[in-house]
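Please treat every number below as a calculation from the coordinates, not as lab data. Computed from a predicted structure; not experimentally measured. Cβ placement follows ideal geometry from the backbone for every residue including glycine, while neighbour counts extend to all protein chains displayed.
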Amino acid sequence: MKVILPVAGKGTRLRPHTFTKPKSLVPVAGKTVLEHMLNNVTTLQAEEYIFITDENGYIVENFVNQHYPNLRTTYILQEQLLGPAHAVWLASKRIQPKDEVLVVFNDTLFITDLNRIPRLCDGLDGLIYSKEVKDYRRFGVNVLKDGVIVDMVEKPDQPISKLAQVGLYYLRDGYGFMQYLSKAIEGKMTVKGEYYLPEVFKLMIRDGLKLGAPEIDEWLDCGKPETLLATNRYLLENFRQSHYCIEGCVVIPPVAIQPSAKVSHSIIGPHVSISENCRITDSVIKDSVISPNSTLVNVILEQSLVGDSVELTGVAQRISIGDYSVIDMGSSSVIPQK
């Protein structure tokens, strides 16, 4: 099997955190998004991991070489961002006859057992992993008949299906899949100027190929600040994280604190992820993600994302308040009038 990982894209919804690094290297729950993804797919022990990158690909390459030195990797530059199907097609020269292919996009994280692929794909040509959603109008959905996909509809007005595609695809015949991708690109089968995978899968379905739509356990969005924080909460609550008792601090689990971080005289948690080499003192932090090498002094943070190498210093206050006083220290809440 060969794994294709498209990690190009500007991550505009996560700016300013993606101005200086790819969105796949944004931290969440003690690891980068890319680490969470690779820790899942490397259980398959694939023959090759093919990264499709933009001009920041060297950052991804350096990170993978440092953290996963034993992986057999290839990096391919997507010079023009012409859509996800175009990104996958760029790997075609690396795919040979009889190669199986797994495609994993990095906008979201998934919770599922990939080792079940042989059983799930028995009698099928591929798998378009899915998740049932309430707001089906926001997604491309798979329409099933007798457990096989018969159609795909982008953002349907009617509940023809609630099985949203999650950006995880397995093709038993990877080489044949690349031929279909080539056909779509040569035929300029674009939607608003970009190439999308559903158009390719529809060609395959019309030719009689059978694609299944197994549901993953969880689908975790990392594409926006609010959803990244929600994913951080979920992962901290559901998977064992690294934290330890810190003298002079109150730590309220679940949290993930890297051993190289120095935290003192602070209240940390719940739902806090602190990356390596951070320095935090005299602070209160909850429901937040702190990126590497940042220094926080005398701050109170909630529902916050702090980028790499940030220096953030709050203001200590000294007050003398008389009886029956009402003081608003910048709270967004409204003080009731008597």
So for R0 = 41 Å, FRET eff. of residue 327-residue 238 from the Cβ-Cβ r, to 0.05, ends up at 0.55
Note: residue 144 to residue 313 extended length (0.36 nm per residue) minus current alpha-carbon separation gives 55.3 nm
Highest GNM mean-square fluctuation among 308, 157, 54, for the chain with Cα springs under 10 Å, belongs to 157
Expressed in µm² per second, the diffusion coefficient of the stretch 100-192 from the Stokes-Einstein equation, with Rh the Kirkwood radius over alpha carbon pairs, at 20 °C and 1.002 mPa s, is 147 µm²/s
Unit-weight point scatterers at every alpha-carbon of the stretch 127-245, Debye formula, q = 0.15, 0.16, 0.22 1/Å: log10 I(q)/I(0) is -0.78, -0.86, -1.29
Karplus-derived 3J(HN,Hα) from phi for the stretch 285-296 (6.51 cos²θ - 1.76 cosθ + 1.60, θ = phi - 60°), whole Hz, x at Gly and Pro, runs 9, 9, 6, 8, 10, 10, 7, x, 6, 9, 10, 10
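Can you tell me what percent of all Cα-Cα pairs in the stretch 53-124 are more than 20 Å apart?
Tail of the P(r) past 20 Å holds 48 percent of the pairs.
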For the residue 182, residue 250 Cβ pair and Förster radius 51 Å, calculated FRET efficiency rounded to 0.05 is 0.30
Note: residue 226 to residue 80 extended length (0.36 nm per residue) minus current alpha-carbon separation gives 49.7 nm
With -39,500 (n - 2.57) per DSSP H segment of 4 or more residues and division by the full residue count of the chain, the 222 nm estimate, nearest 500 deg cm²/dmol, is -5500 deg cm²/dmol
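Averaged across orientations, what area in nm² does the convex hull of the alpha carbons in the stretch 19-61 project?
3.5 nm²
Taking a quarter of the surface of the convex hull around the Cα atoms of the stretch 242-313, what do you get in nm²?
3.6 nm²
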Using the Kirkwood formula on alpha carbons, the hydrodynamic radius of the stretch 17-169 in angstrom works out to 17.3 Å
The Kirkwood hydrodynamic radius of the chain, taken as the inverse of the mean 1/r over all distinct Cα pairs, in Å, comes to 22.1 Å
Looking only at lysines whose Cα falls under 29 Å of residue 93's and that sit 8 or more positions away or on another chain, we get 2, 10, 21, 23, 183, 188, 192, 202, 210
